[in-house]
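Have a look at the structure below before the remarks.
The values are calculated or read from the model by the stated rules, or taken from the named source; none is laboratory data. Source: prediction; values computed, not measured. FYI the Cβ positions are ideal-geometry reconstructions off the backbone, even for glycines, and counts take in every protein chain you see. Calculation scope for accessible area: heavy atoms of the full protein, side chains included, ligands and nucleic acids excluded. Shrake-Rupley method; radii C 1.70, N 1.55, O 1.52, S 1.80 Å.
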There are 2 protein chains.
Amino acid sequence: MPDSNALETLIQSLRCLPGVGVKSAQRMAFHLLQHNRTGAQTLAQALSRAAEYVRHCERCHTFAEHALCATCLDVRRDTSKLCVVETPADQSAVERTGAYKGLYFVLMGKLSPLDGIGPKDIGLKKLFDRALDGTVQEVILATNFTAEGEATAHVIGEGLKSRGLQLTRLARGVPVGSELEYVDLGTIAHALVDRR
Amino acid sequence: MPDSNALETLIQSLRCLPGVGVKSAQRMAFHLLQHNRTGAQTLAQALSRAAEYVRHCERCHTFAEHALCATCLDVRRDTSKLCVVETPADQSAVERTGAYKGLYFVLMGKLSPLDGIGPKDIGLKKLFDRALDGTVQEVILATNFTAEGEATAHVIGEGLKSRGLQLTRLARGVPVGSELEYVDLGTIAHALVDRR
C-alpha cells in the first residue's frame, strides 16, 4: 500500500458506510484524492454538520433540525390523519405522491426480534401516545409489505384497536403499469380478494 | 423529505463518491445518523485530513504524505528495476505477491483518449525522465490487460525503446487455480504462444 496513514485511515473510515467493503472503500478514497478533493472537503463538512445538528422531530420522530419538523408545523395538514411509515425514505415516497395531506409518524425502523429491535427501539409508546392524543381519528399503517413490516403493522394495530380510532392499511394489489404475467402470485391473490 | 438542510446537504455530498446514486446516498445518510454518528464524525475527520495532507510521491507518483513514499525511501529495494502500474491498488497487488523487490512508477490512470486522458495526465514525461535517470535497467510494464492498459503499455514501450533499457511486460496466461474449460479463448491462445 502507498505509505500514507491519512489514506489508510480514510479507507478504514469509509467502511462505516453501509454496503462498502475494502475494495469499494479503496476505490472511493483513490477517486476522491485523485479527482475530487473539493468534494471530499464538502462531504467532510456535511457529515460533521449533520452528525451534530440533525435530531428527531419531537412529534413525528423523523429527522429534523429543530424541535418540530416542517410537516408537523404545517398548519394546512389534516391533523385527523396519521400515517405510520418505517423510514424517512418511505415518508418521502408517500409525500411525493401528493395524495396525502395528513401527518406522519416515522418509526425509524421496524420490529425485528432477530436483530434485537423491539417495540422500544421504534418508539411504539410514543406512537400510541401520539395516536391517542385526541386529534387523530385515522391511523394509516403504511409499513412495508415485508414479513417484518407486516408484523410491525399487526402489533401497532393490536395496540390501538378498540380505542375509537379508524385503523387502515395501504391497499395491496397489482402495481400500476405492471403486466399480470410478471406479478408474483401472492400479489395477484391479494388483488383478487380485495377486488372492487 | 424530512425538513433538514444538513441532511439534504449530506445526501447530496455523498453522491460525490463513485458508484453512489440518490438511493444509496439516502440509505448511507440515514444509516449514519440513525446508527453511527461517531462513525460519521470519524469519517469527516479522515476525509478532511486526507484531502489536506495526502500528496504524490515525487519519485513514483503514488499517494504519500511526504516528499517521497516509504517504498522509494527503502534502501533495500532493487533500484535497477522499475515496475509501471496504473493505480496504487495495482501496486499494492504486486507488492502483496512478495515476488518483486524493485521500485514502482504509478501512472494514476491510463491513456484514454475518449475520456480526454492523454500522456500528460498520467505523467509520461515524468516516467520517461525517471526511467532514463541512469539507475534503471529494466522497466516492467504492469498496466492492466485491458484495451486501454495495453495501449498505455504500447505508448510507454515506444517512448523507451532503443534507449538501452530492458522492456518487459507481465506474462499473459492461464490464471493459477483455474480450469481451462472456463478460461476465455484469448487467454488460452496467448498461453499457447508463450508456452515454455
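Scanning for something crowded, with 22+ Cβ neighbours inside 10 Å, more than 17 Å from A:Ala46 (Cα to Cα) and among the hydroxyl-bearing types (Ser, Thr, Tyr), does the stretch B:45-62 turn up at least one residue? For the stretch B:45-62, residues crowded, with 22+ Cβ neighbours inside 10 Å, more than 17 Å from A:Ala46 (Cα to Cα) and among the hydroxyl-bearing types (Ser, Thr, Tyr): present. None of A:Thr79, A:Thr87, A:Thr38 is farther than 30 Å from B:Ala44 by Cα and polar (S, T, N, Q) except A:Thr79.
Where helices (runs of 4 or more DSSP H) fall entirely within the stretch B:4-115, none has at least 2 residues that are under 30 Å from A:Cys72 (Cα atoms), more than 10 Å from every other protein chain (Cβ to nearest Cβ) and at pLDDT below 90. Against the test of being open to solvent by less than 70 Å² (accessible area, probe 1.4 Å) and either small (Gly, Ala, Ser) or touching a residue at least 12 places away in the same chain (Cβ under 8 Å) (or both), the options A:Leu132, A:Leu170 yield a single qualifying residue, A:Leu132.
Determine, yes or no, whether A:His190 is more than 24 Å from B:Ala29 (Cα to Cα), open to solvent by 60 Å² or more (accessible area, probe 1.4 Å) and either at pLDDT 90 or above or in a strand (DSSP E or B) (or both). No; evaluated as a whole, the condition is false for this residue. With the condition kept exactly as written, say whether any residue in the stretch A:141-158 is under 20 Å from the mean Cα position of the chain (by Cα), farther than 14 Å from A:Val85 by Cβ and surrounded by fewer than 11 Cβ atoms within 10 Å (Cβ to Cβ). Checked the stretch A:141-158: at least one residue is under 20 Å from the mean Cα position of the chain (by Cα), farther than 14 Å from A:Val85 by Cβ and surrounded by fewer than 11 Cβ atoms within 10 Å (Cβ to Cβ). Of all residue pairs spaced 6 or more apart or on separate chains, those with beta-carbon atoms under 8 Å, a first member in the stretch A:102-129 that is under 16 Å from A:Asp90 (Cβ atoms) and a second member that is of a type in the set (Phe, Trp, Tyr) and modelled with pLDDT of 95 or more are A:Leu127/A:Phe105.
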